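Below: one structure, written as structure tokens.
The values are calculated or read from the model by the stated rules, or taken from the named source; none is laboratory data. Since the structure is predicted, the reported quantities are computational estimates derived from the model, not experimental observations. Every residue, glycine among them, receives a Cβ derived from its backbone with ideal geometry; neighbour counts consider all protein chains shown. These area figures cover heavy atoms from the full protein model, side chains too; ligands, DNA and RNA do not enter into them. Shrake-Rupley method; radii C 1.70, N 1.55, O 1.52, S 1.80 Å.
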Amino acid sequence: MPTPRPAAVALATLLCLAAAGCSESDSGSGADGKKTGAAQKASPAARGEYPVTLKNCGLNQKFDKAPSRVVVMNGASVAEVSTLLALGQGDRIVSNQQSYGMSEVPGRAEEIKKLPTGGVKPNDAFDIPREAMIGLRPDFVLSTMSYGFDAKNGFATREQLKEVGARTYVSPEGCGQDNLNMTIDDSYTLLRDMGKAFGVEDRAEKLVATERQNIADVAERVGDAKKPKVMVIFSNMTMGGNDFSSVAAHGIYNDILAKAGGSNAFASASKTSFADLSKEKVAATDVDALVVVSYNDPDPTAYAKKLLKEFPQWPAAKKNKFVVLSDSMYLGPSNDMAVEKIARMLHPEVF
């Protein structure tokens with residue numbers, strides 16, 4: 001498998017860790033995502049009133065007003081910056097280090113590219129070093145995982161940032177070291193938490209409701225159709241020692257596949273988020289369809305076609321069944337787009 005540029009190799013390691021923070025879910029929501037009981041009353045954040053408090057990775061983050069100097073750390077993600085843009089908070093960002101190079105959301109990649117970087121020179125971990133972070137004078141710092149606040153990695157800790165007046169946030173599931181249990185609901189948690197922090201909770205709830213409905217519409221179309229076995233792989237990315245080390249095995253990918261009417265062909269190949277597989281193992285597995293996830297890859301479609309040509313015995317190769325995705329396949333505010341695109345590939349007869 002082609003080896004990506006050095007930065008992508010380092011960032012690929014981050015993808016294996018966790019996709020972000022440990023906020024509590026909304027206990028006032030029913031199974032359909034609607035407010036229930038006392039939660040039906042508009043919260044202070046919904047009305048743009050403060051203070052509001054988020055519990056995040058065991059720490060309480062109190063907001064007396066909407067943050068105005070926001071820093072978004074890298075973490076090989078666009079979950080956080082995309083969520084802020086979806087909520088209309090892009091003008092509050094003073095330094096963004098996240099970029100996928102492409103997006104399923106029209107104009108999103110270009111919008112991200114235009115955001116300020118704060119003139120930061122990244123460290124060896126391809127993120128904002130401690131001194132540069134403090135120099136940005138942030139009042140809110142977002143990290144995909146707790147790694148981003150680890151002093152051993154040269155980063156400012158949450159305690160150090162608190163001392164200079166900055167609140168901090170680790171996105172859903174990022175408090176631990178793996179995103180095995182991440183689901184689409186974690187994307188909703190991120191939206192809701194940012195809605196509360198920025199005083200736009202109503203807007204966040206509308207986005208969640210729209211996503212839920214879009215996914216429910218796909219599920220209704222797919223119904224009880226047979227679930228093809230799908231390979232999810234990050235294109236041109238090396239994470240381990242084998243030929244195929246960027247194959248998704250667990251996490252939000254499997255939730256997206258399930259809602260699209262598919263299943264992960266390699267779910268049993270690893271106990272971690274990603275499987276590190278030999279070419280022989282990949283060749284011996286029946287793959288009905290292929291999902292290639294692009295991370296700053298200039299030609300992921302070419303990668304997908306090359307992979308199908310390499311394994312002509314796959315049902316996916318015989319039927320030319322593949323789709324290329326990017327940010328919608330990961331934590332963030334557009335998982336419904338991944339669900340629909342995969343479902344259309346797997347079950348075109350119902351669309």
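Does M337 satisfy the condition of being in contact (Cβ under 8 Å) with a residue 12 or more places away in the chain, within 17 Å of the chain's Cα centre (by Cα) and either surrounded by fewer than 22 Cβ atoms within 10 Å (Cβ to Cβ) or closer than 29 Å to R212 by Cβ (or both)?
yes
Six or more apart or on different chains, Cβ atoms under 7 Å: show the pairs whose first residue is in segment 201-230 and in contact (Cβ under 8 Å) with a residue 60 or more places away in the chain and farther than 15 Å from G332 by Cα and whose second is surrounded by fewer than 19 Cβ atoms within 10 Å (Cβ to Cβ) and among the acidic types (D, E).
Final answer for the pair search is K229/D286.
Could you list, in sequence order, the residues of segment 130-149 that are touching a Phe, Trp or Tyr at 6+ places or on another chain (Cβ under 9 Å) and hydrophobic (A, V, I, L, M, F, W, C)?
M133, F140, V141, L142, F149
Six or more apart or on different chains, Cβ under 6 Å: which pairs go from a residue in segment 135-160 that's under 16 Å from A76 (Cα atoms) and free of Cβ contacts under 8 Å to residues at least 24 places away in the same chain to one that's of a type in the set (A, V, I, L, M, F, W, C) and open to solvent by less than 30 Å² (accessible area, probe 1.4 Å)? Could you list them?
Listed pairs, sorted by first residue: F149/F155.
Restricted to segment 161-200, and to residues that are hydrophobic (A, V, I, L, M, F, W, C) and open to solvent by 20 Å² or more (accessible area, probe 1.4 Å), which residue is farthest from M329 (Cα to Cα)? Spell out the reasoning first.
Residues of segment 161-200 hydrophobic (A, V, I, L, M, F, W, C): 161, 164, 166, 170, 175, 180, 182, 184, 190-191, 194, 197-198, 200.
The next check asks that each one be open to solvent by 20 Å² or more (accessible area, probe 1.4 Å); those that pass are 164, 175, 180, 200.
Numbers: V164: 35, C175: 21, L180: 15, V200: 25 Å.
Here the residue is V164.
Mind telling me which of the residues N320, N296 ends up being open to solvent by 40 Å² or more (accessible area, probe 1.4 Å) and within 16 Å of the chain's Cα centre (by Cα)?
Result: N296 is the single residue among N320, N296 that is open to solvent by 40 Å² or more (accessible area, probe 1.4 Å) and within 16 Å of the chain's Cα centre (by Cα).
When you scan segment 266-289, do you find a residue that is among the polar types (S, T, N, Q), modelled with pLDDT of 95 or more and surrounded by 24 or more Cβ atoms within 10 Å (Cβ to Cβ), even just one?
No; the residues of segment 266-289 include none that is among the polar types (S, T, N, Q), modelled with pLDDT of 95 or more and surrounded by 24 or more Cβ atoms within 10 Å (Cβ to Cβ).
Filter segment 49-90 down to residues that are touching an Asp or Glu at 6+ places or on another chain (Cβ under 8 Å), open to solvent by 20 Å² or more (accessible area, probe 1.4 Å) and in contact (Cβ under 8 Å) with a residue 24 or more places away in the chain, then give me how many there are.
4
Among the candidates A289, A265, A269, A283, single out the residue that is out of contact with any strand residue (DSSP E or B) (no Cβ under 7 Å at 6 or more places or on another chain) and among the aliphatic types (A, V, I, L, M).
Criteria check complete, one pass: A283.
Take V52 and tell me if it is closer than 17 Å to F126 by Cα and of a type in the set (A, V, I, L, M, F, W, C).
no
Among what's in segment 69-112 and is of a type in the set (S, T, Y) and assigned to a helix (DSSP H, G or I), pick the residue that is nearest to D299 (Cα to Cα).
S82
Need pairs with beta-carbon distance below 6 Å; first residue under 16 Å from N74 (Cα atoms) and surrounded by fewer than 22 Cβ atoms within 10 Å (Cβ to Cβ) and within segment 91-109, second modelled with pLDDT of 95 or more and basic (K, R); sequence gap 6+ or separate chains.
Within 6 Å, the pairs are V94/R69.
Within segment 110-126, which residues are open to solvent by 40 Å² or more (accessible area, probe 1.4 Å) and out of contact with any strand residue (DSSP E or B) (no Cβ under 7 Å at 6 or more places or on another chain)?
If the condition is that a residue be open to solvent by 40 Å² or more (accessible area, probe 1.4 Å) and out of contact with any strand residue (DSSP E or B) (no Cβ under 7 Å at 6 or more places or on another chain), then E110, E111, K113, K114, G119, K121, P122, D124, F126 are the ones that fit.
Can you give me the number of residues within segment 299-317 that are open to solvent by less than 100 Å² (accessible area, probe 1.4 Å) and assigned to a helix (DSSP H, G or I)?
Total satisfying the criteria: 11.
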